[in-house]
1. Loop by DSSP (not H, G, I, E, B), at most 16 other beta-carbon atoms within 10 Å: where is the longest site-free stretch of the chain for trypsin sites (Lys or Arg not before Pro)?
2. Which three extents, in angstrom, do the Cα atoms of the range 2-302 have along their principal axes, listed largest first?
3. Once a ≥ b ≥ c are taken as the square roots of the eigenvalues of the Cα gyration tensor of the range 186-303, is the result rounded (a/c under 1.5), prolate (a/b larger than b/c) or oblate (a/b not larger than b/c)?
4. Under 8 Å for C-alpha pairs, at least 6 residues apart: give me the relative contact order for the chain, rounded to a whole percent.
5. Among 128, 245, 283, which residue has its Cα furthest toward the positive end of the charge dipole of the range 2-302, with +1 on Lys/Arg Cβ and -1 on Asp/Glu Cβ?
6. Could I have the simple spin-label model distance between residue 300 and residue 172, label points 7 Å from Cα toward Cβ, reported in nm to one decimal?
7. Report ³J(HN,Hα) in whole Hz for each residue of the range 54-59, in order, from the Karplus equation J = 6.51 cos²θ - 1.76 cosθ + 1.60 where θ = phi - 60°; Gly and Pro get x.
8. Based on Cβ point charges of +1 for Lys and Arg and -1 for Asp and Glu, what charge dipole magnitude is obtained for the range 167-303 about its Cα centre, in debye rounded to the nearest 20?
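Where a number appears in this text, it was derived from the coordinates with a stated rule and is not lab data. Here the structure is a predicted model, which is why all the values come from computation and not from measurement. So basically every Cβ, Gly included, is an ideal-geometry build from the backbone, and we count neighbours across all protein chains shown.
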Amino acid sequence: MFIISYILMLVCVLISVGFVTLLERKILGYIQLRKGPNKLGFMGLLQPFSDGIKLFFKEQMYPSYSNSFIYFFSPIFMLMLSFLIWTLFPFLVNVYFFNMGVLFFLCCMGISVYGVLLSGWGSNSNYAFLGGLRSVAQTISYEVSMALILICLLLFINSFNFLDFMMYQEHIWFIMFSFPIFFCWMSCCLAETNRSPFDFAEGESELVSGFNVEYSGGGFAFIFLSEYMNIIFMSLLSVIVFLGCNLDSLMFYIKVVSVVFLFIWVRGTLPRYRYDKLMYLTWSVFLPVSLYYLLFFSGYLMM
C-alpha cells in the first residue's frame, strides 16, 4: 500500500510541476502586462504537456570533452533525490512515516549540493563549472540558517516528526509568534532552490545558463523537474512548519499554492542580488537572527 500511495503521489507531483510552470508563465505575463501562454488548448492549459513532449524529443547533446558518466548520471541523481525527499509528505494512513523526518530532510538538502556540483563539473565547461561553484557556495551557506530556523520550531514540538507539527498547530499557527523568522525561512527557501533574486547560477550576462548550460533534451528536463519538485516541496514544508498542517482540509492545499505563488511573485518583482550581498545576508543577518531566536525560544521554554 505504501508503494502504491507513493507512486500515485509522485505522478501527481510530476503533473503539478507542469502546471506550476504554466502558473509561473501566466503570472509573469500579467506582471509584465502581457498574456502569457494562451494558444494551446483552453487558456493555454495544454502548454505544459507540449513543453514536456518537446523537451523529451529534442536531440540529446554529447559534449566530446565531458566526463560522460558523470555528465549523464548527475541529472538522474538530482531527480532521484527529489523523488526521495517527497517520501516525507506527512500522510496520515497507509504510508510509512519518518520519526526522524526533519533530519532526513536536512540530509537530503545537504546531498543535493553534489548533484549541482557534479553536473557543473562533469560537463567540463568553464561556464558550467563556474555556475555550479557559485550555486554550491550559496546552497551550503543558506543551509546553516535554514537548519537553525527549523531547530527553533522543533523546540516547541519536541520531536523530529513532521506529523507533530499538525497536532501542535491545531489552535495557533507557529507563524503567529515567529513572524520575522518566517521571512528569513522564505529567503532561505528561495536561495536553496536557486530562485530569483538569488539565481546566481543563471547570471545570464556572465554565466550563460549556469551549471546546466551543456544539457539539452532529457538531461535538461530532469534538472528542470528536480528544481520545480523542490520548489513545491519547500512550499509544502513552509506550510507544515509555519501555517498549520491540517491535511484533511482543502485550505492546506490552498496555502501550498499561495506559497508557490509567492515564489513566482518574488521572481517577477525583485532584481538579482549582488553575490557579496547574498553572502552577507546569510552570514551577517539570517544566522544571527536565527541564533537569537533559538536562545530566546529555548530560554522561554526553560522558564
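1. For trypsin sites (Lys or Arg not before Pro) (loop position, at most 16 other Cβ atoms within 10 Å), the longest site-free span of the chain is 59-271.
2. Projected onto the principal axes, the Cα atoms of the range 2-302 cover 61, 43, 42 Å.
3. Oblate.
4. 25
5. The Cα lying farthest towards the positive end belongs to 128.
6. 0.8
7. Once rounded to whole Hz, the list reads 4, 5, 6, 9, 6, 5.
8. Roughly 320 debye for the range 167-303.
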